[in-house]
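Undergrad: Here it is, the structure, as structure tokens.
The values are calculated or read from the model by the stated rules, or taken from the named source; none is laboratory data. These numbers come from a predicted model, not from an experiment. When we count neighbours, we look across all protein chains shown, and the Cβ atoms used for this are built from the backbone with ideal geometry, even at glycine. To get the accessible areas, we keep the full protein, side chains included, count just its heavy atoms, and leave off ligands, DNA and RNA. Shrake-Rupley method; radii C 1.70, N 1.55, O 1.52, S 1.80 Å.
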Amino acid sequence: MAITQNEARPELRKATQFGHLALEMHQKATDHLQSVKNSLTPAEKAVLKTLTHQLKGEVST
């Protein structure tokens with residue numbers, strides 16, 4: 001059975017609201033991560049960079 005346009009609108013509205021919420025949460029997480037990165041010391045940044053490369057397989061252990 002096909003869904004009518006009127007039946008689809010509330011679901012579309014919910015999906016749009018969910019998408020906006022997800023985008024907002026992603027932006028907040030990105031901002032927080034940048035804030036944390038900015039507060040690291042040079043030594044901590046070096047360790048983070050090394051660990052990131054290791055996790056990506058760019059440095060053999």
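Undergrad: Within the range 37-56, which residues are assigned to a helix (DSSP H, G or I) and exposed (fewer than 10 other Cβ atoms within 10 Å of the Cβ)? Before the answer, list the steps.
TA: Step one: of the range 37-56, the residues assigned to a helix (DSSP H, G or I) are 37-38, 42-55.
ASN38, PRO42, ALA43, LEU55, listed by residue number.
Undergrad: So, LEU51, is that one free of Cβ contacts under 8 Å to residues at least 40 places away in the same chain and touching a helix residue (DSSP H, G or I) at 6+ places or on another chain (Cβ under 9 Å) or not? Quick ask: steps written out before the conclusion?
TA: Details: free of Cβ contacts under 8 Å to residues at least 40 places away in the same chain: yes; touching a helix residue (DSSP H, G or I) at 6+ places or on another chain (Cβ under 9 Å): no.
Here the answer is no, as LEU51 does not meet what is asked.
Undergrad: Only residues that are open to solvent by less than 90 Å² (accessible area, probe 1.4 Å) and acidic (Asp, Glu): list them for the range 1-36, please.
TA: Scanning the range 1-36 gives a single hit, ASP31.
Undergrad: Specify the residue that is modelled with the highest pLDDT; the eligible residues are those in the range 1-27 that are part of a loop (DSSP other than H, G, I, E, B) and among the β-branched types (Val, Ile, Thr). Steps first, please.
TA: Here is the first cut: in the range 1-27, the ones part of a loop (DSSP other than H, G, I, E, B) are 1-4.
When the remaining residues are screened for being among the β-branched types (Val, Ile, Thr), the result is 3-4.
Details: ILE3: 69, THR4: 75.
Per the stated criteria, the residue is THR4.
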